[in-house]
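Worksheet: the structure to be examined is printed underneath.
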């Protein structure tokens with residue numbers, strides 16, 4: 001299994017590396033690639049200056065220093081570790097590396113200090129997560145890491161009835177060989193009835209929401225997928241706003257990971273991802289796996 005870790009020298013990226021370093025599963029089957037992407041040098045003038053090759057050499061040297069720091073965190077039990085420095089636009093270059101290397105998962109930090117302070121959620125990770133053909137695990141600096149990665153894992157999986165959330169659960173089940181034994185908490189958040197809906201004559205959609213049919217429908221197929229995969233799970237029906245409650249629910253359940261779907265890679269993807277998944281990744285106390 002190929003794991004790609006994006007390393008940019010930030011504490012968030014190093015913490016992402018610590019997540020992989022603690023993997024206790026089938027280590028001989030895991031191949032790790034540490035990737036550093038340097039932005040191309042910016043030419044402000046057409047006048048002769050430092051040669052392009054010299055600039056690129058300096059960038060590669062800096063990238064290799066970042067990779068050395070990351071590599072030092074990995075234990076010897078993870079034997080196959082490659083280090084790669086690329087020069088190019090970060091998001092596009094990371095995605096190309098994912099495709100070329102057939103990565104089973106991409107792990108990256110969620111630094112929130114702007115484009116010069118790591119792969120900020122608002123820039124690179126936001127563009128990578130919806131477009132990546134593999135799960136993207138986002139790790140905040142200081143996030144609580146699972147104690148036995150690859151041995152036991154408690155996962156919070158929000159579902160909302162959309163095809164994206166069903167696909168996320170299906171992909172999570174497909175990662176069982178990498179993640180090891182799991183207990184998955186499927187959770188559906190019901191927003192509750194606004195005042196107008198409560199006092200006006202009910203429509204079909206209001207009746208479905210009020211009766212719980214909407215929640216039952218959202219949970220049915222994900223639960224079936226996990227049952228067929230032999231993965232232990234529980235169903236939770238809660239009232240509240242998903243964008244503020246997912247991380248809190250995961251904390252109450254002492255979850256090791258949150259796994260949730262993303263929606264596409266078009267011009268509007270940043271709005272769709274940002275509505276729930278991005279906010280969850282920004283506030284979660286544990287790593288968040290975004291799955292398309």
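Where a number appears in this text, it was derived from the coordinates with a stated rule and is not lab data. This is a predicted model, so every value here is computed, not measured. Every residue, glycine among them, receives a Cβ derived from its backbone with ideal geometry; neighbour counts consider all protein chains shown.
Structural remarks
- Order of 108, 291, 1 under a 10 Å beta carbon neighbour criterion, fewest first: 1, 291, 108
- Residues of the range 162-183 with an amide N closer than 12 Å to a point placed 7 Å from the Cα of residue 1 along the Cα-to-Cβ direction: 172-182.
- Sorting 177-188, 61-72 by average packing, meaning the other beta carbons within 10 Å per residue, from highest down gives 177-188, 61-72.
- Virtual spin-label span in nm between residue 71 and residue 213, 7 Å along Cα→Cβ: 6.1
- Residue 99-residue 254 pseudo-label distance in nm [points 7 Å out on the Cα-to-Cβ vector]: 4.3
- Model label points for residue 244 and residue 56, set 7 angstrom from Cα along the Cα-to-Cβ axis, are 5.1 nm apart.
- Chain lengthening between residue 167 and residue 80 when straightened (0.36 nm per residue, less Cα-Cα): 28.3 nm
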